[in-house]
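The values are calculated or read from the model by the stated rules, or taken from the named source; none is laboratory data. Predicted model only: the values in this text are computed from it and were never measured. For neighbour counting, all protein chains shown are included, and Cβ atoms are generated from backbone atoms with ideal geometry for every residue, glycine included. Quick note on the areas: whole protein, heavy atoms, side chains included, nothing else; ligands and nucleic acids left out. Shrake-Rupley method; radii C 1.70, N 1.55, O 1.52, S 1.80 Å.
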Amino acid sequence: MKRIGVLTSGGDAPGMNAAIRAVVRTGLSQGWEVMGIRNGYSGLCNNNMAAMGARDVSGIIQHGGTALGSARCHEFLTEEGRRKALHNLEERAVEALVIIGGNGSQTGAHALSQMGFPVVGVASTIDNDLYGSEITIGVDTALDVALVAIDQLKVTASSHHRAFIVEVMGRDCGYLALVTGITGGAEYIVIPEFEIDAEDVVNAIRLAYERGKAHALIIVAEGARYNARGLENYFAKHHADTGFDLRITTLGHVQRGGTPGAFDRLLATRLGAAATEYIAQGKFGVLAGLTRGQITPTPLAEVVTGEKPLDLNLLRLSEVLNTQ
Ligand code: ATP
């Protein structure tokens with residue numbers, strides 16, 4: 001092995017930079033050249049890559065986002081696009097690839113692997129919906145960003161006797177909403193995996209008011225049928241009166257942009273280092289992820305078909321805590 005490549009793909013996640021840094025520096029320590037590929041799979045298709053030295057990854061570990069850039073690349077979804085990518089890799093003599101990203105990105109990694117190219121994935125997405133890693137790069141920081149916002153909203157909510165509906169990210173997976181809701185002390189949590197009756201939300205807020213609470217907090221995932229807009233419409237249509245003055249806040253992409261915390265920096269560093277270790281061992285077509293606190297390789301074929309269920313015990317626990 002003489003030259004490997006590294007790219008970040010899909011939604012950016014705080015900690016991706018620590019993973020890039022680890023791949024570059026552990027790759028160099030193996031005696032390889034490491035090519036940084038710009039803007040995810042777009043850079044593969046457009047031949048946009050350059051060799052990276054140890055100093056090129058200086059001063060990035062503390063920054064959110066990704067120094068390599070990321071993109072959603074439609075061309076790579078086609079067989080023709082992937083062939084073009086393989087052609088560019090061959091032309092630049094890149095012999096193996098580390099792909100840092102979430103579900104879609106690892107599906108792309110698996111597709112390359114099935115075409116015979118040596119790839120290793122690194123589990124990175126704030127959604128925490130990736131099979132093969134119990135927690136992924138960026139989740140912990142995204143949760144902290146949401147909590148800072150919620151703690152601040154609760155301060156003003158208490159002063160004005162307000163109920164806040166706060167929408168957090170999560171198109172298909174309610175993990176962020178669930179954990180934000182539990183750790184932020186929400187009265188009600190709405191996630192895409194679980195159909196709810198909007199009237200239950202109205203009742204939860206009304207009961208909180210009747211129990212003498214100074215404020216009420218509802219956390220909703222963006223992908224739930226009753227997300228912020230869905231609930232706003234419902235409340236307006238039914239003239240729902242809960243006792244509280246209702247306000248709505250959507251955190252959106254703010255959650256992606258946090259400064260990576262110690263947990264994400266360490267996880268990303270360990271996963272990036274594991275990825276180059278797997279390459280050195282000739283262990284390809286796997287995802288580097290965290291299982292029971294240990295870094296483990298999971299075949300990409302399992303990653304792309306496996307489902308990572310939410311722990312619904314957490315939802316039940318929040319119900320117990322929040323009806324008191
Ligand atoms: P996140 O969920 O955190 O946003 P992700 O990695 O799941 O990250 P996606 O937008 O789903 O992000 O995928 C990123 C890129 O991976 C896509 O733009 C596309 O280039 C590639 N990709 C996704 N699905 C496939 C597929 N089935 N085959 C080949 N490539 C794919």
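Overview of values
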quantity: Tally, over segment 215-243, of residues that are of a type in the set (A, V, I, L, M), touching a residue at least 12 places away in the same chain (Cβ under 8 Å) and out of contact with any Lys or Arg (no Cβ under 9 Å at 6 or more places or on another chain); calculated: 6
quantity: Candidates Leu246, Leu312, filtered to the one that is of a type outside the set (D, E, K, R), open to solvent by less than 90 Å² (accessible area, probe 1.4 Å) and in contact with a strand residue (DSSP E or B) (Cβ under 6 Å, 6 or more places away or on another chain); calculated: Leu246
quantity: Inter-residue pairs, beta-carbon under 7 Å, first under 13 Å from Leu287 (Cα atoms) and in segment 118-140, second charged (D, E, K, R) and near the ligand (Cβ under 10 Å from one of its atoms), 6+ apart; calculated: none
quantity: Hits in segment 159-195 - residues which are of a type in the set (Gly, Ala, Ser) and open to solvent by 40 Å² or more (accessible area, probe 1.4 Å); calculated: Ser159
quantity: Residue within segment 130-140 that is within 11 Å of the ligand (Cβ to nearest atom), open to solvent by 10 Å² or more (accessible area, probe 1.4 Å), at pLDDT 95 or above and in contact with a Leu (Cβ under 9 Å, 6 or more places away or on another chain) present; calculated: no
quantity: Selection from segment 23-46 of residues that are under 20 Å from Gly69 (Cα atoms), in a loop (DSSP other than H, G, I, E, B) and in contact with a strand residue (DSSP E or B) (Cβ under 6 Å, 6 or more places away or on another chain); calculated: Gly40
quantity: Count of residues meeting criterion [on the phi > 0 side of the Ramachandran plot and under 22 Å from the mean Cα position of the chain (by Cα)] in segment 219-260; calculated: 1
quantity: Of the criteria (1) open to solvent by less than 10 Å² (accessible area, probe 1.4 Å); (2) more than 21 Å from the chain's Cα centre (by Cα); (3) within 19 Å of Ala236 (Cβ to Cβ), which one Ala208 fails; calculated: (3)
quantity: Where Gln281 falls short, out of the listed (1) farther than 30 Å from Ala216 by Cα; (2) among the polar types (S, T, N, Q); (3) in contact (Cβ under 8 Å) with a residue 40 or more places away in the chain; (4) surrounded by fewer than 13 Cβ atoms within 10 Å (Cβ to Cβ); calculated: (3)
quantity: Segment 23-46 - residue that is within 16 Å of the ligand (Cβ to nearest atom) and at positive phi and, of those, most open to solvent (accessible area, probe 1.4 Å); calculated: Asn39
quantity: Ile20 vs. criteria more than 9 Å from the ligand (Cβ to nearest atom), open to solvent by less than 10 Å² (accessible area, probe 1.4 Å) and assigned to a strand (DSSP E or B); calculated: no
quantity: Scan of segment 47-60 for residues that are surrounded by fewer than 18 Cβ atoms within 10 Å (Cβ to Cβ) and not acidic (Asp, Glu), ordered by number; calculated: Asn47, Asn48, Ala50, Ala51, Gly53, Ala54, Arg55, Ser58, Gly59, Ile60
quantity: Filter pass, Ala273 being at pLDDT 95 or above, part of a helix (DSSP H, G or I), in contact with a Ser or Thr (Cβ under 8 Å, 6 or more places away or on another chain) and not acidic (Asp, Glu); calculated: yes
quantity: Scan of segment 116-129 for residues that are part of a loop (DSSP other than H, G, I, E, B) and more than 8 Å from the ligand (Cβ to nearest atom), ordered by number; calculated: Gly116, Phe117, Pro118, Asn128
quantity: Long-range neighbours under 9 Å by Cβ, at least six apart or interchain, first residue among the aromatic types (Phe, Trp, Tyr) within segment 71-86, second in a loop (DSSP other than H, G, I, E, B); calculated: Phe76/Ser9; Phe76/Gly40
quantity: When residues of segment 69-115 are limited to those that are open to solvent by 10 Å² or more (accessible area, probe 1.4 Å) and among the hydroxyl-bearing types (Ser, Thr, Tyr), the one nearest to the ligand (Cβ to nearest atom); calculated: Thr107
quantity: Considering residues of segment 285-294 that are part of a strand (DSSP E or B) and over 18 Å from the mean Cα position of the chain (by Cα) only, the residue surrounded by the most Cβ atoms within 10 Å (Cβ to Cβ); calculated: Val286
